[in-house]
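Structure record follows, encoded as structure tokens.
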Amino acid sequence: LTFYVLYVMNEEYKHFVEVRREYLAREDSEVHPQHQYSIMIENIPNELRSDKALYDYFDALFPGRVHSACVAMNIPDLEELAKRRARVLRRLEKSMACFEATGNRPMHVVGRKRCKV
């Protein structure tokens, strides 16, 4: 039974490799070639954490074969600041609408209820 399972797994792997090669070699006009050959690299050294530096590094390794390089960073502080900005923007827009509706300039005091229209 074990040999049969190993045989079937080997045959499936051969089939997978064949199908993958056909897919990668296919000139499909709907799929951009860059999408077929894109890679993701993690733990990039600090000196390579810019688009240009990363591009130059890989272009030196593979001359003329690098289309582009893009560094995507995980910045949790930026996400929190974006949420805060959205919250402040909503309050500003509400204040502007309150001013337009009532003609009175609203004041924002911490702990006080907001202007109601």
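The values are calculated or read from the model by the stated rules, or taken from the named source; none is laboratory data. As the structure is a computational prediction, the values presented were derived from the model and not from experiment. For neighbour counting, all protein chains shown are included, and Cβ atoms are generated from backbone atoms with ideal geometry for every residue, glycine included.
Considering only segment 36-51, state which residues are of a type outside the set (Gly, Ala, Ser) and under 15 Å from residue 72 (Cβ atoms).
The first filter runs over segment 36-51 and keeps only residues of a type outside the set (Gly, Ala, Ser), leaving 36-37, 39-49, 51.
Matches in segment 36-51: 39, 40, 41, 42, 43, 44, 48, 49, 51.
Listed residues 68, 95; which is among the polar types (S, T, N, Q), modelled with pLDDT of 85 or more and under 30 Å from residue 43 (Cβ atoms)?
68
Any idea how many residues of segment 59-112 are aliphatic (A, V, I, L, M) and in a helix (DSSP H, G or I)? Give the derivation first.
Step one: list which residues in segment 59-112 are aliphatic (A, V, I, L, M), which gives 60-61, 66, 69, 71-73, 75, 78, 81-82, 86, 88-89, 92, 96-97, 101, 107, 109-110.
Narrowing the set further to residues that are in a helix (DSSP H, G or I) leaves 60-61, 78, 81-82, 86, 88-89, 92, 96-97, 101.
So the count comes out to 12.
Being modelled with pLDDT under 75, outside any helix (DSSP H, G or I) and among the polar types (S, T, N, Q) is the filter here; which residues of segment 1-52 pass it?
Passing the criteria: only 29.
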